[in-house]
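Okay, structure first, notes after.
Values in this text are rule-based calculations from the coordinates and carry no lab data. The structure presented is a predicted model; accordingly, all values stated were derived computationally and were not measured. All Cβ positions, glycine included, derive from the backbone under ideal geometry; neighbour counts span all protein chains shown.
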């Protein structure tokens, strides 16, 4: 129990310290830090529609978090979730409008989700195979695949998947009434529930099942994995497949639930934003929900608070950077304290 | 210079145990020992890379703390490592000047003067503007020695310096060492090659499993003939001849037992820095302990891994009780009862951060009764752990303790228990007593004997002759990836095996 509260403190300390430091910077810039943070909260937590916006923003982030937890726990660093997410989103928005007309609604939705998962997994196949059979560093290869995915997406949207009627290069728009149903007249669509469930299922699979344990053994000690008889290359392929598929589902949810369309210049870059949150949560599926919520509050609330305090939007990036810097510092100090006993 | 009572522990093993070594100017001190004997750790402490847990290092009677490589250099201790540390695309001069202070750079004429000085000392010619990567390995090593001596010459540590040299290079290198010795340097020469000790060493210390097991002072070494010296050093390295009552301890295996494991023409491809196997063949009977002797690094580990399925065979067959298992992977062979007790307990045997309980079932992930329909049954794992902890006397605070926190002996007990559960038929014991204390060594040997009595065939890989002579029915000797001979255990087995180990032929 004491160990658990110490872990919680270690996870929260960077955030608290960064908020305090952010307050000092705000004060130095002549803004009232308390007013700033109050505005952040008033815009989000203490505001019904703001809270719903936060939940909606969380959906794709949570699916990416689930994707990252699977691969990080297995010691594989899939940093290509941005590309997998975007490419899946492009295919869903290209085939969505036609499919919802051709098929019964929920069959069409399921087909689109499968399509998204499949496209994303296929995009991850190359780095996965290179990693599994030739030991090629997946950090570099997945990142590079992301850049290719951005270009390929733009190309597809401008050519085969483009809406010829529109002067702006974008796909056909999924009509609002065909998007994912909303819960109780709010902004929150069912995709949010799906995303939360996905993170929880991933967490349970990773911690409570034989399959999850196999992946974790590979992550903790690949040589032990081989010694105890696990087929490491096969597990590596499975990890990439699952991880990419989850990222792809994130893309599908974002299109089906909120956007309904992909413009050629759209790439939200959620994947790399979620990486630090997953690290803050130490790959824990329940904790990551909290950190993603915090991030969503800071994004939505911070945007309006920064505007009202006459600060550039980039102030939020400064906050995020401070959290990461302090996270690294806290980890370093904790490791050193441990070393000295 | 004197290192006294040096002890250094790493998780699970004692790398140096109360080692005392003295260095004198004008003398080459050969430090002999097999891989893992603790040589590198010991010189790491001279170089300031490691710090001792206990013991003191003193220079001219004054205790010093070598806290960093910089401090070692300040004390005049230069180290030449086994692997090249020169920057290949920089010139000799640039390489030598690396690591100087940026605020007081050395002037070129001063550098050239120093280079000339050292070149005279070594008795070699050097072109300061040659690019390091274009020089021969022998020349590169001379530059490494110059670098080590650049800021003062008192003690020179050479870590396996001849491993990458040609015979010609070794001869030239020997001349350099002799010249430096005559100039009054104290030289530490680390090696696992016996002939080099006799060739270069004035004083010999022998390390084995972290302990200093032998020391020959210069007067004595000079008085001995090379043959005598060799015999005595082999004695110290591999243990003495077993006394008659030790042989009485040996088990008697019924000679007509069924064959448990057959290995035919097994080969593996050589890899970088790793011996391949060629044409290994033997048969192992039920209840027998078959020993594999040999100086470390002659393919023993590859043999163990090839049999366990971790290393792919390029040719040959492995049959388990008549069934061909060559195409099976690690898991398949395990299920049929072929077990591998690895010598690398923390590196591959366990996941250090996981609990003792989880490590005990690590080879059964997904199997009943610990997993049901893929879901972990924590209670079953816990109950299994508790019964194993009692049965194998694993000393641990609890079943939940991360296994890396246990001592080497207790980790070994846990691994032994793991391999022995679920119907073992053939067990490969790879250096099962390596890094353990005496009580655990005795216990491990007892366990191997009991397993054999219960009908489990054992393949015992060991670098310790007395262990093999104590436990085995027959002993095969490995030399450069080949099985060069199989010796029936008996009164004259020791010397015959020793001969095969060092020379590769009888």
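For this structure, a couple of remarks:
- Pairs of Cα atoms nearer than 8 Å and 6+ residues apart set the relative contact order; for the range A:54-266 it is 44 percent.
- Average partner coverage of B:347-355, which counts Cβ from other chains inside 10 Å: 5
- Over chain A, dividing the summed -39,500 (n - 2.57) contributions of all DSSP H runs of at least 4 residues by the number of residues returns a 222 nm mean residue ellipticity of -26000 deg cm²/dmol.
- Degrees between helix B:438-453 axis and first principal axis of chain B (Cα, 0 to 90, nearest 10): 40 degrees
- Fraction of beta bridges assigned by DSSP in the protein assembly as shown that are antiparallel (%, nearest 5): 55 percent
- Percentage relative contact order, chain B, counting C-alpha pairs under 8 Å, at least six apart: 16 percent
- Note on residue B:217 and residue A:147: their simple-model spin labels are 6.9 nm apart, each label 7 Å out from Cα toward Cβ.
- For chain B, the 222 nm mean residue ellipticity estimated from helices alone, with every DSSP H stretch of n ≥ 4 adding -39500 (n - 2.57) and the total spread over all residues, rounds to -10000 deg cm²/dmol.
- Rounded tilt (10° steps) of B:378-391 against the dominant C-alpha axis of chain B: 80 degrees
- Taking every residue in A:219-225 and counting other chain Cβ atoms within 10 Å of its Cβ, the average works out to 6.
- Angle between chain B longest axis and helix B:167-182 axis [Cα atoms, degrees, rounded to 10]: 60 degrees
- Shielding value for A:207-217 is 5, the average number of Cβ atoms from other chains within 10 Å of each residue's Cβ.
- When each of A:336, A:179 is scored by the number of other beta-carbon atoms lying within 10 Å, the sequence from fewest to most is A:336, A:179.
- log10 of Debye I(q)/I(0), alpha-carbon scatterers only, for the range A:124-176 at 0.16, 0.24 Å⁻¹: -0.60, -0.83
- Take the Cβ atoms of residue B:20 and residue B:380, set R0 to 45 Å, and the FRET efficiency comes out at 0.35.
- At an R0 of 35 angstrom, the distance between the Cβ atoms of residue B:64 and residue A:321 translates into a FRET efficiency of 0.20.
- Modelled label positions at residue B:258 and residue A:272, each set 7 Å beyond Cα in the direction of Cβ, lie 6.4 nm from each other.
- Surface/4 estimate of mean projected area, convex hull on alpha-carbon atoms of the range A:54-266, nm²: 12.4 nm²
- Sorted by Cβ neighbour density within 10 Å, fewest at the top, the residues B:354, B:429, B:81: B:81, B:354, B:429
- As an equivalent ellipsoid, chain B spans semi-axes of 45, 26, 23 angstrom, where each value is the square root of five times an eigenvalue of the C-alpha gyration tensor, largest first.
- In this calculation the C-beta distance from residue B:178 to residue B:53 is compared with R0 = 35 Å, giving a FRET efficiency of 0.45.
- On full extension, the segment bounded by residue A:333 and residue A:190 gains 47.3 nm, given 0.36 nm per residue less the C-alpha separation.
- Distance from the alpha carbon centroid of the range A:265-341 to that of the range B:408-450 works out to 48 angstrom.
- Fewest-first ranking of B:464, A:165, using other Cβ atoms within 10 Å as the exposure measure: A:165, B:464
- Residue-span extension gain [residue A:25 to residue A:263] - 0.36 nm each, minus C-alpha spacing: 82.0 nm
- In the protein assembly as shown, the convex hull through the Cα atoms has an average projected area of 44.7 nm², a quarter of its surface area.
- Within the range A:200-339, the proportion of Cα pairs with more than 22 Å between them is 57 percent.
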